[in-house]
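Below: one structure, written as structure tokens.
Derivation of every value follows stated rules applied to the coordinates shown; laboratory data play no part. Computed from a predicted model, the values in this text were never measured in an experiment. Cβ: placed from backbone, ideal geometry, glycine included. Neighbour counts: every protein chain shown.
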């Protein structure tokens with residue numbers, strides 16, 4: 001019950017509902033023993049650590065692309081986001097900044113500090129496993145080239161030159177619309 005009181009106290013202080021939902025509720029629920037039905041307490045770090053435990057060490061670029069595809073297909077198949085962190089359209093493809101901050105400077109990633117895959121539900125693990133079966137055998141370069149051809153990344157980078165730095169969000173709506181249209 002203490003977690004619920006903390007959430008309510010923070011809610012009173014926040015006017016921006018969207019910011020409150022994405023930044024505060026997920027933090028409080030991840031520190032609690034429970035969460036409302038349908039609310040994922042997983043973070044991008046949990047998803048990345050699960051991917052590494054299933055597939056073994058990989059390049060940072062490949063890990064970022066697999067996390068992106070896991071989020072995209074979760075939106076379509078499970079009708080919910082897998083994690084609350086935003087995906088950005090960087091020059092080399094989709095990147096989640098919070099994950100980048102953990103692996104920054106490393107070519108190969110073996111573990112994700114702070115990642116707790118046990119937070120993932122069975123449905124979420126099934127989605128990630130399906131992603132790994134299809135995309136997991138592909139190279140980082142192949143995954144990067146594919147993401148560069150797809151509408152969510154291209155639309156988020158509209159107006160930027162190839163290779164130009166950018167930090168535009170790839171929205172959940174654009175991912176759900178594009179990948180849902182592939183079915």
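For each of 127, 59, 137, count neighbouring Cβ atoms within 10 Å of the residue's Cβ, then give the residues from fewest to most. List each step's numbers first, then the result.
On the way: 127 24, 59 17, 137 9.
With the fewest neighbours first, 127, 59, 137 line up as 137, 59, 127.
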| request: Give me 164, 123 ranked fewest to most by other Cβ atoms within 10 Å of their Cβ, as a rough exposure proxy. | output: 164, 123
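Sort 55, 43, 74, 174 so the one with the fewest other Cβ atoms within 10 Å of its own Cβ comes first. Write down the numbers at each step before the final one.
On the way: 55 15, 43 24, 74 27, 174 21.
Exposure proxy ranking, most exposed first: 55, 174, 43, 74.
Checking a compactness column here: for region 127-183, what do you get for Rg(Cα) / (2.2 N^0.38 Å), N being the number of residues? Walk me through the intermediate numbers first.
Values: Rg = 12.7 Å, N = 57, 2.2 N^0.38 = 10.2 Å.
Scaled against compact globular proteins, the figure is 1.25.
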